[in-house]
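Enquirer: A single structure is presented below for examination.
The values are calculated or read from the model by the stated rules, or taken from the named source; none is laboratory data. Predicted model, so just to flag it, every value in this text is computed and none were measured. Note that each Cβ is placed from the backbone with ideal geometry, even for glycine, and that neighbours are counted across all protein chains shown. Surface accessibility is based on the protein's heavy atoms, side chains included, excluding ligands, DNA and RNA. Shrake-Rupley method; radii C 1.70, N 1.55, O 1.52, S 1.80 Å.
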Amino acid sequence: VTDSQRRLVQCFTAVFADLSEQQAAVATIDSVSDWDSIATVTLVSLIEEEFQIHIASDALAQLASFDAFYRYLEARSPANDLVAAR
Amino acid sequence: MPINDTAAPMRLERYASLHETAARAFNQRMRTAHAPIDFFLPEEASPPVTNGLDAPITKHQYVLLEGETARGGVIIQEQPHWVAGETRTVWNVQSPLSEGIADRKYGFVAPFLMKELLRRQPLIYSVGMGSASMPFPRLLKALRWRLTEVPFFFRVCNPRRFLREVRAIRSNTARRLLFDVAAFSGLGGLGIRALHALMSKSPAGGSAAAEQINTFSGWADDVWERAKSDYRLCAVRNQSTLNCLYPTKLDRLMKLHLRLRGQTIGWAVVLTTRLQDHKYFGSLRLGTIVDCLAPPHYAPHAVQAAVSALEDLAVDLIVSNQSHRTWTAAFKRSGFLSGPSNYLFAGAGKLLELATTSIGDFAHINRGDGDGIVNL
């Protein structure tokens, strides 16, 4: 588990308090019943703050799972290596 | 894999006839999901809502598309506002719709819509919204819009009917019995009248006279010029915007030209509604002070004149929502009490720069703003 994955799990469990860390790491909008538009905004805000990035509104449609957020962050990392961000 | 990896880019367009098929399909999906009818798109394109060719205020329906599929929509009221000393076009957001209501996988639609609106127009706000616990204000709060209640004021004109009808306070059997005893014994009426009398102070210099008018004319421009500098945010309320906001065809509205010793001091717009089984007000005859404007020292005169006009129409209760301290003070001085408000103001973007203090310090917001009049 990379540091970024761990931090992303923390963001997910902060928004979806009922998820375990294991569940958070495989969460999708279909598997999390509390994942609505307000949760999307809260999650995006938290991730923007945690990773010091701005998530463009155009990207929101794609960000429907933990994996999608992780891949988005990975693509945004200058070295394409989030482990290096530790 | 994320559900929407292959999704087409989202785009917001003004609703036109080419969107009608997509709108009908959207409505069908919402209908299948048993969404309330308030969350449907219009199925026919219509010209922007205005009141006249050169009207300063327009309403446009927008549709949010994913490829050629409608996923949401919104009405934008474009209106000139006085913003920190300049007249600027401001967008008022009304009736946002999202397919997220019917299907959670479109939960991104509402945030996308609001971010897109803010990107296009940094001077943007919404009013009304019911209460802070409703989904739209909760979404705005999550998006870091600033939400504030616009204070609610009421004044009881017919205590007996008020005590018998107001469901907001008749919430259990014991209370209903208590208020019935108070109503029929006359003690409740004595108490309410004493309270209003204790709180009321007559405006200095006498009472203003109110003349009912059909349209606003040049004097309204003078009132606007004399009053606007007291606010950092206020919808332009001059002759042309007022005639657009309060057209003659809305005959439930009473427009009042207010004078003191023959000189124009301001205006008020009031409304009477005969309610039937209303969830808060039962079957009262309700008077609303929708909107008003006067220079600050004449605000108490304006409120008192509006109250007198509504009392002449035998209303049981007068209510108003007012944000600015000039007006909240004037309503209190006219014997109004304050109660819980379900009328919210939410501002974002550049409007947040104005909102560094309480709403009472910078904005004149009331039921005349946005679509505030719709639910009266």
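Enquirer: Return the lysines within reach of B:K201: Cα separation strictly under 22 angstrom, same-chain partners fewer than 8 residues apart disregarded; answer none if there are no such residues.
Expert: B:K332
Enquirer: Ignoring ligands, DNA and RNA, what percent of the 1.4 Å accessible area of region B:308-361 is carbon and sulfur?
Expert: Details: 970 of 1930 Å².
Carbon and sulfur atoms account for 50 percent of the accessible area of region B:308-361.
Enquirer: For a quick check of your reading of the filter: which chymotrypsin sites (Phe, Trp or Tyr not before Pro) in region A:31-74 sit in a DSSP loop and have no more than 14 other Cβ atoms within 10 Å? Intermediate results must be reported in sequence, preceding the final value.
Expert: Details: sites: A:W35, A:F51, A:F66, A:F69, A:Y70, A:Y72; in loops: A:W35.
In loop regions of region A:31-74 (DSSP not H, G, I, E or B), there are no sparsely surrounded chymotrypsin sites (Phe, Trp or Tyr not before Pro).
Enquirer: Using only Cα atoms, tell me the angle between helix B:20-32 and the longest principal axis of chain B; keep it within 0 to 90° and round to the nearest 10.
Expert: Approximately 70 degrees, to the nearest 10.
Enquirer: Any idea of B:K201's accessible area? Nearest 10 Å², probe 1.4 Å.
Expert: Spelled out: B:K201, probe radius 1.4 Å, area about 140 Å².
Enquirer: Would you mind giving the mean number of other chain beta-carbons within 10 Å of the Cβ of each residue in B:134-141, as a whole number?
Expert: Working: counts 0, 3, 2, 0, 5, 6, 2, 3.
Other-chain Cβ atoms within 10 Å of each residue's Cβ, averaged: 3.
Enquirer: Quote to one decimal, in nm, the extra length available between B:K201 and B:D361 on full extension: 0.36 nm per residue of separation minus the C-alpha distance between them. Numbers along the way, then the final one.
Expert: Numbers: separation 160, 0.36 × 160 = 57.60 nm, distance 2.29 nm.
Stretched out fully, the B:K201 to B:D361 stretch lengthens by 55.3 nm.
Enquirer: Which residue, B:I359, B:I75, B:I37, tops the fluctuation ranking in a GNM of chain B built on C-alpha contacts under 10 Å?
Expert: B:I37
Enquirer: For region B:194-326, with every protein chain kept in place, what is the accessible area per residue (1.4 Å probe, Å²)?
Expert: Values: 5520 Å² over 133 residues.
It amounts to 41 Å² per residue over region B:194-326.
Enquirer: Next question. May I ask for the accessible area buried between chains A and B, both sides summed, probe 1.4 Å, to the nearest 100 Å²? Write down the numbers at each step before the final one.
Expert: Working: alone 5250 and 17600 Å², together 20980 Å².
Counting both chains, the buried surface is close to 1900 Å².
Enquirer: Shifting gears a bit: Just how far, in whole angstrom, is region B:331-376 from region B:226-282 if you go by their alpha carbon centroids?
Expert: Going from one Cα centre to the other spans 15 Å.
Enquirer: Between B:T32 and B:R11, what FRET efficiency follows from the Cβ-Cβ distance if R0 is 22 Å, with the result rounded to 0.05?
Expert: Details: r = 25 Å, r/R0 = 1.12.
After rounding to 0.05, the efficiency reads 0.35.
Enquirer: Treating cross-link reach as a plain straight distance, find the lysines whose alpha-carbon is under 26 Å from the alpha-carbon of B:K115, omitting any fewer than eight places away in the same chain.
Expert: Straight-distance partners of B:K115: B:K59, B:K105, B:K141, B:K350.
Enquirer: With each run of n ≥ 4 DSSP H residues scored as -39500 (n - 2.57), what mean residue ellipticity at 222 nm is computed for chain B after dividing by its residue count and rounding to the nearest 500 deg cm²/dmol?
Expert: On the way: 12 runs with 114 residues, N = 376.
Dividing the helical sum by the residues of chain B leaves -8500 deg cm²/dmol.
Enquirer: Now a separate question. Which residues in region B:117-139 have a backbone N closer than 19 Å to a point placed 7 Å from the Cα of A:E49 along the Cα-to-Cβ line?
Expert: What the label zone holds, given the 19 Å backbone N cut-off, is B:138-139.
Enquirer: Restricting to region B:220-335, compute how many DSSP beta bridges are antiparallel as a %, nearest 5.
Expert: Values: 17 of 20 bridges.
Among the beta bridges of region B:220-335, antiparallel pairing accounts for roughly 85 percent.
Enquirer: Still on this structure, I have one more. Please turn the phi angles of region B:349-355 into ³J(HN,Hα) values with the Karplus equation 6.51 cos²θ - 1.76 cosθ + 1.60 (θ = phi - 60°), one per residue in order, whole Hz, x for glycine and proline.
Expert: x, 5, 5, 5, 5, 7, 8
Enquirer: Right, another one. Could you compute how much accessible surface B:R11 exposes when probed at 1.4 Å, giving the result in Å² to the nearest 10?
Expert: Solvent-accessible area, nearest 10 Å²: 80 Å².
Enquirer: Give me the extension gain from B:R144 to B:A194: residue separation times 0.36 nm, minus the current Cα-Cα distance, reported in nm with one decimal. Walk me through the numbers on the way to the answer.
Expert: On the way: separation 50, 0.36 × 50 = 18.00 nm, distance 4.36 nm.
Once the chain is fully extended between B:R144 and B:A194, it gains 13.6 nm.
Enquirer: Please give the length that would be gained between A:A17 and A:A75 if that part of the chain were fully extended, namely 0.36 nm times their separation in residues minus their C-alpha to C-alpha distance (nm, one decimal).
Expert: Numbers: separation 58, 0.36 × 58 = 20.88 nm, distance 2.73 nm.
Separation in residues times 0.36 nm, less the Cα-Cα distance, equals 18.2 nm.
Enquirer: Which distance in nm do the two modelled labels at B:R120 and B:S133 give, with both placed 7 Å along the Cα-to-Cβ direction?
Expert: 3.4 nm
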